[in-house]
Amino acid sequence: MTPPRTSSPNSLHRRGFLGIAGAAGAGAVLLGTGAAPVASAAPGRVPRDPFQLGVASGDPLPDGVVLWTRLAPKPLDEDGGMPRRPVAVHWEVALDERFRKVVRRGVEHAVPAEAHTVHADVRGLRPHHEYYYRFRAENVLSPVGRTRTAPAPGTSPTVDFAFASCANWEQGHFTAYRHMAEERPDVVFHLGDYLYEYAAGVNGKVRTHHGDEMNTLAEYRARHAQYKTDPDLRLLHATAPFVVTWDDHETDNNYADLSPENHDPGQGNDTTARFAARRRAAYQAYWEHMPLRRLRKPVDTALPLYRRLEYGATATFSVLDTRQYRTNQPYGDKWQVSGPDQWDPKATILGDEQHAWLERSLARSRSTWNVVPQQIYFANWDAVAGPDDGGYNDGWDGYRASRDRVLGYVEERRIDNFVVLTGDVHNNWTNDLRRDFERPETRLLGSEFVTTSITSGGDGSATHDPGQVYWDENPHTKYYSSRRGYVRCSVSKQQYTADYRVVDYVTRPGAPVRTDKSFVIEAGVPGVQDA
């Protein structure tokens, strides 16, 4: 194999972010001396740049990580511009971005049935170590990616990570992703609404979605591809491993199990069957386009997404799926005064199997911090003045028996340093967690950090406030902001620090980032304090 020309984007001149940024933004490299650009591919051949959607890594282990790419020279075409045949994709992992110290190599076969995606499960790496990776398909090199493995069991390094949610293409630019990449986190948790299903022009005027509202596999694939053409998102994927979970918009707004948002009970099984086909397509496209292991490939309408990641003795992350197994929302999915259906013991947001798994995960943890990355607002959200307890029925308020079971387990088993990470609601919040939110004198069990959106909702506001009724009814809430951004966390054996990083606008590119608020939790002392 002839080395890439020295002018190629993968010839990185110095270690660090700028090298990755250049490689991630510049695209693929044609190998071979004096190779001419390819104007069009011959039938059955791969065109020059199949790596237009970049590279990614995910689900780090102490000895390994998943490496992802998709071959798609024409990302928005139904076939991605690829021939209908398998393509061998070689990958390599190195200690340096020039690939002079390659430590692992392998080959995967990208096939049309999986949109020519690659999910290479690389093992044999060193714990808590930085690596660089790249792919090669038919004499074309991909951009270079950076990844990092998890710490070894029993070790207690500081873990730096970020979490984010809710990136609507039409409502803004993904500037916050670029700022996250510049901070080079060990890992990024994406808590859902990675993309939106709506038709072109429905949600905003900043940018325009490709195509109609997603229903078919081809439509979901094209929407995923469109989002990954964003240079800021590609840069973040190329800079840090992702741990992903979904919320609703990856499939359909506010769906529950096999019930779509606009469920028509009069159509009975016909509605369920049609939505099952849609969900099957959405789940397949989601797995194809995320750095997930092959063991998580969906079967029919099921994709096993909840999982546990251990970061040494510092933190255990129990990642939840609050969409796939839930019963239908009580009283619809809007604001509602509390009623008996919210306390229905048969209603569930996790499903029995996942709920039991979460309890086992918390019980078996030997880490200082027990962190639960998940999608939807966990604390009580009471927007009604007086004794009536209002809530948002698409969140945990609509499944109070499920929430009480989680908090009851934390209380009774004395699970220390319990932290919930949340997205979905397009604003920043910080909450104390108690089993009975109506009685602030009861035992403090943990904390919830809620991240705002990347773009959803537009620019937000520096002056917006939830109102005095909210503050009066929710003494467990300690902070609110409606700007866009993400949360940056640094976790050690001694403390957990959370910085709310915000940008003042997303309707035009280039906003600077700043820290709006910082909190700290001391290990063994539940509740947040100002940092």
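The values are calculated or read from the model by the stated rules, or taken from the named source; none is laboratory data. This structure is a prediction, so every number in the text was calculated from the model and none was measured. Using ideal geometry, Cβ is built from the backbone for each residue, glycine included, and neighbour counts are taken over all protein chains shown.
I need the full set of residues from the stretch 360-403 which are within 26 Å of P466 (Cβ to Cβ) and among the aromatic types (F, W, Y), in order please.
Those that are within 26 Å of P466 (Cβ to Cβ) and among the aromatic types (F, W, Y): Y377, F378, W381, Y392, W396, Y399.
So, restricting to strands (runs of 3 or more DSSP E) that lie completely within the stretch 137-229, which ones have at least 1 residues that are in contact (Cβ under 8 Å) with a residue 40 or more places away in the chain and of a type in the set (S, T, Y)?
145-148
Would you confirm whether any residue within the stretch 377-392 is among the hydroxyl-bearing types (S, T, Y), at pLDDT 95 or above and buried (at least 18 other Cβ atoms within 10 Å of the Cβ)?
Yes, the stretch 377-392 contains at least one residue that is among the hydroxyl-bearing types (S, T, Y), at pLDDT 95 or above and buried (at least 18 other Cβ atoms within 10 Å of the Cβ).
I'd like the full set of residues that are surrounded by 15 or more Cβ atoms within 10 Å (Cβ to Cβ) and either at pLDDT below 95 or more than 20 Å from H173 (Cβ to Cβ) (or both), limited to the stretch 492-517.
S492, K493, Q495, Y496, T497, A498, D499, K517
If you take the residues of the stretch 282-324 that are of a type in the set (F, W, Y) and farther than 30 Å from G524 by Cβ, which of them is surrounded by the fewest Cβ atoms within 10 Å (Cβ to Cβ)?
W287
Within the stretch 210-223, can one find any residue that is among the polar types (S, T, N, Q) and either closer than 21 Å to I349 by Cα or touching a Leu at 6+ places or on another chain (Cβ under 8 Å) (or both)?
No, the stretch 210-223 contains no residue that is among the polar types (S, T, N, Q) and either closer than 21 Å to I349 by Cα or touching a Leu at 6+ places or on another chain (Cβ under 8 Å) (or both).
Taking strands (runs of 3 or more DSSP E) that fall entirely within the stretch 400-506, which contain at least 1 residues that are hydrophobic (A, V, I, L, M, F, W, C) and touching a residue at least 24 places away in the same chain (Cβ under 8 Å)?
In the stretch 400-506, 418-422, 428-434, 444-450, 484-491, 495-503 are the strands (runs of 3 or more DSSP E) which contain 1 or more residues that are hydrophobic (A, V, I, L, M, F, W, C) and touching a residue at least 24 places away in the same chain (Cβ under 8 Å).
Please determine whether any residue of the stretch 358-374 is touching a residue at least 24 places away in the same chain (Cβ under 8 Å), surrounded by 22 or more Cβ atoms within 10 Å (Cβ to Cβ) and under 28 Å from A276 (Cβ atoms).
Yes: the stretch 358-374 contains one or more residues that are touching a residue at least 24 places away in the same chain (Cβ under 8 Å), surrounded by 22 or more Cβ atoms within 10 Å (Cβ to Cβ) and under 28 Å from A276 (Cβ atoms).
Could you go through the stretch 109-117 and let me know if any residue there is aliphatic (A, V, I, L, M) and either part of a strand (DSSP E or B) or free of Cβ contacts under 8 Å to residues at least 24 places away in the same chain (or both).
Checked against the condition, which is being aliphatic (A, V, I, L, M) and either part of a strand (DSSP E or B) or free of Cβ contacts under 8 Å to residues at least 24 places away in the same chain (or both), the stretch 109-117 yields at least one hit.
For the stretch 211-221, what are the residues that are on the phi < 0 side of the Ramachandran plot and surrounded by fewer than 22 Cβ atoms within 10 Å (Cβ to Cβ)?
Once the filter is applied, which keeps residues that are on the phi < 0 side of the Ramachandran plot and surrounded by fewer than 22 Cβ atoms within 10 Å (Cβ to Cβ), the stretch 211-221 yields D212, E213, N215, T216, L217, A218, E219.
Return yes or no: is F163 of a type in the set (F, W, Y), out of contact with any helix residue (DSSP H, G or I) (no Cβ under 9 Å at 6 or more places or on another chain) and surrounded by 23 or more Cβ atoms within 10 Å (Cβ to Cβ)?
Spelling it out, F163 is indeed of a type in the set (F, W, Y), out of contact with any helix residue (DSSP H, G or I) (no Cβ under 9 Å at 6 or more places or on another chain) and surrounded by 23 or more Cβ atoms within 10 Å (Cβ to Cβ).
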